[in-house]
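Input: a single structure, listed below in structure tokens.
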Amino acid sequence: MATHTKTTLSFNYNRGTLDDKVLLQLYRAMLKPRMIEEKMLILLRQGKISKWFSGIGQEAISVGVTSAMRDEEYILPMHRNLGVFTTREIPLYRLFTQWQGKMSGFTKGRDRSFHFGTQEYNIVGMISHLGPQLGVADGIALAHKLREEKAVTAVFTGEGGTSEGDFHEALNVASVWQLPVLFCIENNGYGLSTPTSEQYNCEHLAQRAQGYGMESHIIDGNNILEVYTQISRITEDIRNNPRPVLIEFKTFRMRGHEEASGTKYVPQELMDMWAKKDPLSNYEAYLEQEGILSATVKERYAVEIKNEINEHLEKSYQEEQITPDLNTEMEDVYAPFRFRESVPSNTTEELRLIDAISQGLRQSMEKYDDLVIMGQDVAEYGGVFKITEGFVAQFGKERVRNTPICESAIVETAMGLAINGKKAMMEMQFSDFATSGFNPIVNYLAKSHYRWSQPADVVVRMPCGAGVAAGPFHSQTNEAWFTHTPGLKVVFPAFPADAKGLLATAIEDPNPVLFFEHKKLYRSIRQEVPTDYYTIPLGKAALVREGSQLTIITYGAGVHWALDLLKKKTELSVDLIDLRTLQPLDKESIIASVCKTGKALLLTEDSGFGSIMSDISALIMESCFEKLDAPVKRVTSLDTPIPFDANLEQQYLPLERLESALQELIDY
Ligand SMILES: Cc1ncc(C[n+]2csc(CCOP(=O)(O)OP(=O)(O)O)c2C)c(N)n1
């Protein structure tokens, strides 16, 4: 490292009013992640750790930003931000055990490296997909804003990550809603092997802010004093005047994307130029030249940190690897939830499905002050199906929020709200559009509790279904995309009273719930519905008709198709099971009924291949084989997209094939 007499500094350090103590703290805070990394590189060569993403040369950003933030404020770091974790003073053995997949880490061995969050330290780590956490920061900041807390949320991305749609969506939402988020781009020259010239086509990424109506700054990311003083000033300003600010930190990635991938594609001149701008050696030389850092103190810091690393490494090595326990793994997929039955009084009124959902949602909004509704056109307009009509007048626009058209960012915002103590309900305008928010649903919401014990207290309402001649993009029943993903709950009611009670439970449940509502049933199905608030447990099917010859298992529109048919076929004695919840699935009711009747007809509006009925068929084969009197029969939609024309749609749907299939099974 540099000696104070000879070094020419690459930066014009300006200490402003910072006292020596702060200057030394910043130095020590940068030295620590550097020394940890140097140790990790040795361990990597010895084969003691498997992968390492280096932040060497970028420490000033992590350390400067974290030092400028208050401990109670959330930071959402990336894979090169070790300095965030060390500056928040996480005990090193917890980081080491996290990297070794041990119990004292943050994910019970279920996720690697920096892919974890910790409410203890107000850090929310990334998922591999990079972009989603930008929208999560929006949600965290929204919760602060709704509670009128003066807090900033800082979120990091590399310049490569800014090319993802999540970046655009998150910045746009933050700006439209004026959320107190500090968006930090670490522009380090390369995204894996891709140079900035192949990543974006503007001079500075900070310029993008203008298009979002947002303030931005370019900061020299290798100059710790510039990072710290500027970010301290900006964050203080955001606390008093909540708004998003975009920062582009100019820096450089001094090592490979990860250690194994090397840096062959980086021109040597570039490496040499940036090596001269090393944030630590320059700052160290500056402090020495100014007489602030003595040789003794420097040595003391290095020894202290070295001892701390070794001591904590030793402690981490002594901890055993995790012994797999099947029950723990299965139980941790979902956050614990104890169903509390709220029984309604006897007063009822006749409601359509749509009114029952609306009434249920309204009562949940009254019960939970923390519940926030988000969706396209859900505010004054009341949503395209009018479920939230009149909600703004009762609950205000802060809790009933129109969103820009950005499903990903809103799912992510919902996750952020949950992280910061709120409940969130998102209305997907049509369930078909869940594809545009698919990544955060299946990767963020679904895996959050399993990965780092963070419940995703989010309900996504999914208006779905065919029969309305709306073509391939407004008619799908896409529940199987979600029943396949561990960590999600999937509800699909067929009746108004069920819909109301199940929605109440879905909102009470801290787990992510996809709540399917069939559009064709919205206004065609009526029923007496209890007037006040009540709950119905998830995972319990309803026996709609009881009989002995055969079991029909279905849900959603299928229940009504089956009922209509059974009205005609009065001679038949049939168990009709309405599943109501697809995940968790009421396996007991299915097995009990099929073992009793010996015949099963599985009816779904979904295309057959890979539908939930395929799994139920397998379940029946595994559990009732010896009791079966006929092969299990699936009656499903065609394995084609859903066509628009009414006749084509009729052919697509299973209804025309239902009666003959039933007869075949009876006659078998
Ligand atoms: C959605 C997605 N696509 C691709 C990848 C693979 N990947 C991981 S990191 C990375 C480069 C990221 O570059 P940048 O955002 O600039 O951050 P840096 O690694 O330079 O700090 C890539 C391509 C990924 N993790 N997620």
When residues of segment 367-387 are limited to those that are acidic (Asp, Glu) and within 26 Å of the chain's Cα centre (by Cα), the one surrounded by the fewest Cβ atoms within 10 Å (Cβ to Cβ): Asp369
Selected residue (criterion: nearest to the ligand (Cβ to nearest atom)) from residues of segment 107-130 that are small (Gly, Ala, Ser) and open to solvent by 10 Å² or more (accessible area, probe 1.4 Å): Ser128
Subset of segment 620-634 [in a helix (DSSP H, G or I) and either within 22 Å of Gln663 (Cβ to Cβ) or open to solvent by less than 70 Å² (accessible area, probe 1.4 Å) (or both)]: Ile620, Ser623, Cys624, Lys627
Single unsatisfied condition, Gln133 versus (1) polar (S, T, N, Q); (2) farther than 19 Å from Leu417 by Cα; (3) within 16 Å of the ligand (Cβ to nearest atom); (4) crowded, with 22+ Cβ neighbours inside 10 Å: (2)
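Given the criteria open to solvent by 10 Å² or more (accessible area, probe 1.4 Å), within 16 Å of the ligand (Cβ to nearest atom) and not small (Gly, Ala, Ser), does Arg70 qualify?
On the way: open to solvent by 10 Å² or more (accessible area, probe 1.4 Å): yes; within 16 Å of the ligand (Cβ to nearest atom): no; not small (Gly, Ala, Ser): yes.
For Arg70, the condition - open to solvent by 10 Å² or more (accessible area, probe 1.4 Å), within 16 Å of the ligand (Cβ to nearest atom) and not small (Gly, Ala, Ser) - is not met.
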Which listed residue, of Ile305, Ile292, Ile309, Ile247, is within 16 Å of the ligand (Cβ to nearest atom) and open to solvent by less than 50 Å² (accessible area, probe 1.4 Å): Ile247
Enumeration of residues in segment 178-199 that are more than 8 Å from the ligand (Cβ to nearest atom), free of Cβ contacts under 8 Å to residues at least 60 places away in the same chain and surrounded by 15 or more Cβ atoms within 10 Å (Cβ to Cβ): Thr196
Filter pass, Arg15 being over 24 Å from the mean Cα position of the chain (by Cα), among the basic types (Lys, Arg) and at pLDDT 95 or above: yes
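Here's the yes/no breakdown for (1) in a helix (DSSP H, G or I); (2) farther than 30 Å from Lys102 by Cβ; (3) out of contact with any Pro (no Cβ under 7 Å at 6 or more places or on another chain):
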{"residue": "Ile387", "(1), (2), (3)": "no, yes, yes"}
{"residue": "Ile405", "(1), (2), (3)": "no, yes, yes"}
{"residue": "Ser408", "(1), (2), (3)": "yes, yes, no"}
{"residue": "Ala414", "(1), (2), (3)": "yes, yes, yes"}
{"residue": "Leu417", "(1), (2), (3)": "yes, yes, yes"}
{"residue": "Ser436", "(1), (2), (3)": "yes, yes, yes"}
{"residue": "Pro440", "(1), (2), (3)": "yes, no, no"}
{"residue": "Gly467", "(1), (2), (3)": "no, yes, yes"}
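Being closer than 17 Å to Arg80 by Cα and of a type in the set (A, V, I, L, M, F, W, C) is the filter here, so list the residues in segment 253-273 that pass it. Lay out the reasoning, then the answer.
Here is the first cut: in segment 253-273, the residues closer than 17 Å to Arg80 by Cα are 253-263.
Scanning segment 253-273 gives Met254, Ala260.
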Those residues of segment 136-166 which are within 16 Å of the ligand (Cβ to nearest atom) and assigned to a loop (DSSP other than H, G, I, E, B), in sequence order: Glu159, Glu164
Flag for Asp355 being in a loop (DSSP other than H, G, I, E, B) and of a type in the set (Asp, Glu): no
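The values are calculated or read from the model by the stated rules, or taken from the named source; none is laboratory data. This is a predicted model, so every value here is computed, not measured. All Cβ positions, glycine included, derive from the backbone under ideal geometry; neighbour counts span all protein chains shown. Remember, those area values only see protein heavy atoms, side chains included, never the ligands or the DNA or RNA. Shrake-Rupley method; radii C 1.70, N 1.55, O 1.52, S 1.80 Å.
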